[in-house]
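Below is one structure, written out as structure tokens, with a few remarks after it.
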Amino acid sequence: MVTHQVTDWIQLAELVREQREKQHLSQAALARAAKVSRYWLIGFEAGEKRSAPFDMIMRLLLELNLSITLTPIRITPIVEDGISASEVIRRHTQGA
């Protein structure tokens, strides 16, 4: 089993989708096996489940035989002229 390193929820969602497709599983089949709804899996793979329950993610990983290492990234604020580091962080977290 290969361990994959992910740094955020988007990479995790992409990994799940890629592995599901690689294993020729439909979303319905994976959802059924992992005991999650197909609707939820569709949203997760689309990156719409930023706060997905850990147990649901673990069931997906188990069904896909995936091992992951979670490595959070540190955000180093770059101070722009006239803008404080706090403002840069605020803008980053709000997606502005």
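Read the figures in this text as sums done on the coordinates, not as results from a lab. Computed from a prediction, not measured in an experiment: that's the story for all the values here. Note: ideal-geometry Cβ built from the backbone for every residue, glycine included; neighbour counts use all protein chains shown.
Of note:
- Sequence of Thr7, Thr93 once ranked by neighbouring C-beta atoms within 10 Å, starting from the fewest: Thr93, Thr7
- In sequence order, calculated HN-Hα J values of region 47-56 (Karplus, 6.51, -1.76, 1.60; Hz; x Gly/Pro): x, 9, 10, 4, 10, 5, x, 4, 5, 5
- Among (i) 24.4, 78; (ii) 16.6, 53; (iii) 28.3, 71, the entry derived from the coordinates for Rg and Dmax of the Cα atoms in Å: (ii)
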